[in-house]
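Notes for the one structure printed next.
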Amino acid sequence: MIEQEIKSIITEFLLFKYKNILDGLTEHSRILQINYYYDTDDFQLNSIGNTLRIRQKENKLVLQYKYEKQYTGNERTCREYEIEIYKFPQYLSSNDLPCNIIDYTHYKFVGSLITERFDYKYAETNISLDKSYYLGKCDYEIEIEFQDYKKAESILKLLSIEKSEFHEMGKYSRFVKEIKKLENK
């Protein structure tokens, strides 16, 4: 599967501003999800821009691997492999993933990130407003996942989001950056 999205770190104020605008346009669902991240001791996957995680929503576990990320302006695309699993492993193996995606043998659990997410569907586009907690931090983010970039642009205009506000650092990269800061203290 190919994922196309636009992401931006935002303030708590903007999260509630966008939420108020979107609440006036469409219904939303509120989801609590936990990302359990896996990597090598030296964060080899993160260093090449990949993310290996198990995402928990309620009692459902989904193994996800995001790879081949590319950035064009404010748009990010990546390949995504996912499969439902039924137990929580301490380690993952390359054997758990499609052949030749990654070549390291074992990936260990390195930590988790909890996200309170407000999901909206508008103009055939998914908009997520996230409040994430990890390693004593809390941050806020908007994610716009789309199939048609023009529809995503209309949502950006609707929310008055400038192109200069976008970032390339996803949740896992922010998580690893914080781990490294803590390790250097």
Worksheet item: What number of residues in the range 73-92 are part of a strand (DSSP E or B), modelled with pLDDT of 90 or more and either touching a helix residue (DSSP H, G or I) at 6+ places or on another chain (Cβ under 6 Å) or among the basic types (Lys, Arg) (or both)?
Response: 0
Worksheet item: Quick one: Tyr172 ticks every box in (1) assigned to a strand (DSSP E or B); (2) within 18 Å of Cys78 (Cβ to Cβ) bar one, so which box is it?
Response: (1)
Worksheet, complete the sentence: Scanning the range 19-46 residue by residue, those small (Gly, Ala, Ser) and without any contact (Cβ under 8 Å) to a residue 60 or more places away in the chain turn out to be Gly24
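Residue by residue, here is whether (1) of a type in the set (A, V, I, L, M, F, W, C); (2) over 17 Å from the mean Cα position of the chain (by Cα); (3) exposed (fewer than 14 other Cβ atoms within 10 Å of the Cβ) holds:
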site: Ile114; (1), (2), (3): yes, no, no
site: Phe118; (1), (2), (3): yes, no, no
site: Ile142; (1), (2), (3): yes, no, no
site: Ala152; (1), (2), (3): yes, yes, no
site: Met169; (1), (2), (3): yes, no, yes
site: Ser173; (1), (2), (3): no, no, no
Item to complete: Pick out the one residue from Asn95, Asn46 that is in a helix (DSSP H, G or I), surrounded by fewer than 17 Cβ atoms within 10 Å (Cβ to Cβ) and of a type outside the set (Val, Ile, Thr).
Response: Asn95
Worksheet item: Given the conditions (1) modelled with pLDDT under 80; (2) in a strand (DSSP E or B), which single one is not true for Lys108?
Response: (1)
Worksheet item: Is it the case that some residue within the range 17-40 is surrounded by fewer than 16 Cβ atoms within 10 Å (Cβ to Cβ), modelled with pLDDT under 95, under 17 Å from the mean Cα position of the chain (by Cα) and not β-branched (Val, Ile, Thr)?
Response: no
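The values are calculated or read from the model by the stated rules, or taken from the named source; none is laboratory data. Being a predicted model, the structure only gives us computed values, none of them experimental. Cβ atoms come from the backbone with ideal geometry, glycine included; neighbour counts cover every protein chain shown.
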